[in-house]
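S.K.: Shown below is the structure under consideration.
None of the figures in this text is laboratory data; all of them are computed from the coordinates on show. All values derive from a computational prediction rather than experimental measurement. As a convention, Cβ positions derive from the backbone with ideal geometry for all residues, glycine included, and neighbour counts pool all protein chains shown.
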Amino acid sequence: MTRAESYRLLIADVYELAGLSRRSSEQTAAEHGQTVARWHLMSVLSDQPYTVPAIARRLGLVRQSVQRVADELVAEGMVERSENPDHLRSPMHSLTDAGRQTLHAIIADSDADRSQRMTRAGVTIADLDQARDTLRKLLAVL
């Protein structure tokens, strides 16, 4: 097998893993009345407030889709808006206590689920670190 063929097979496996992981994450988020999109937005806000355009940049998404999710989270009481002194038309968004509690619960359940799956697969931290190192080498040249 050539290096190029091995690379193509690796990428196919990465895509399959990403899809399965996303479905698993959707299930975990749903158990807390959330979606992965909401989970990602709350994760961005976990360390500091951001504007919707800044959240969109961090997530690599278009502003409009982030705005829709932010509006839903505000309506649900998970996120709150505050005045942005640097830009009056682009408010800051931050987690409420309820949002922070929900995010922590989702992360705890996700971590427990992933840990159990890694144990069942016989995957060690060293295995994960090696795989990540390989992927980061490929990212650096691509």
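S.K.: Could you tell me whether Ser115 is of a type in the set (Ser, Thr, Tyr) and either loosely packed, with under 11 Cβ neighbours inside 10 Å or in contact with a Cys (Cβ under 8 Å, 6 or more places away or on another chain) (or both)?
M.R.: For Ser115, the condition - of a type in the set (Ser, Thr, Tyr) and either loosely packed, with under 11 Cβ neighbours inside 10 Å or in contact with a Cys (Cβ under 8 Å, 6 or more places away or on another chain) (or both) - is met.
S.K.: Looking only at the stretch 12-26, filter to residues that are surrounded by 13 or more Cβ atoms within 10 Å (Cβ to Cβ) and not hydroxyl-bearing (Ser, Thr, Tyr); which one of those is nearest to the chain's Cα centre (by Cα)?
M.R.: Glu26
S.K.: Taking the stretch 13-33, which residues are assigned to a helix (DSSP H, G or I), acidic (Asp, Glu) and in contact (Cβ under 8 Å) with a residue 40 or more places away in the chain? Lay out the reasoning, then the answer.
M.R.: So the first thing to find is which residues in the stretch 13-33 are assigned to a helix (DSSP H, G or I), and the list is 13-30.
Next, from what is left, pick out any that are acidic (Asp, Glu): 13, 16, 26.
None - no residue of the stretch 13-33 is assigned to a helix (DSSP H, G or I), acidic (Asp, Glu) and in contact (Cβ under 8 Å) with a residue 40 or more places away in the chain, so the list stays empty.
S.K.: Also, I was wondering about something else. When Leu135 is evaluated against the numbered criteria (1) out of contact with any Leu (no Cβ under 9 Å at 6 or more places or on another chain); (2) touching a residue at least 40 places away in the same chain (Cβ under 8 Å); (3) among the aliphatic types (A, V, I, L, M); (4) within 18 Å of Asp13 (Cα to Cα), which criterion, by number, is the only one it fails?
M.R.: The failed condition is (1).
S.K.: Can you name every one of the helices (runs of 4 or more DSSP H) wholly within the stretch 34-142 that holds 3 or more residues which are farther than 30 Å from Ala4 by Cα? It would help to see each step written out before you state the result.
M.R.: Working: elements: 36-44, 52-59, 63-76, 97-121, 125-141.
Ranges flagged: 36-44, 52-59, 63-76, 97-121.
S.K.: While we're on this one: Kindly check whether there is at least one residue in the stretch 55-72 that is touching a residue at least 60 places away in the same chain (Cβ under 8 Å) and surrounded by 18 or more Cβ atoms within 10 Å (Cβ to Cβ). Full working, then the answer.
M.R.: The first filter runs over the stretch 55-72 and keeps only residues touching a residue at least 60 places away in the same chain (Cβ under 8 Å), leaving none.
There is no residue in the stretch 55-72 that is touching a residue at least 60 places away in the same chain (Cβ under 8 Å) and surrounded by 18 or more Cβ atoms within 10 Å (Cβ to Cβ).
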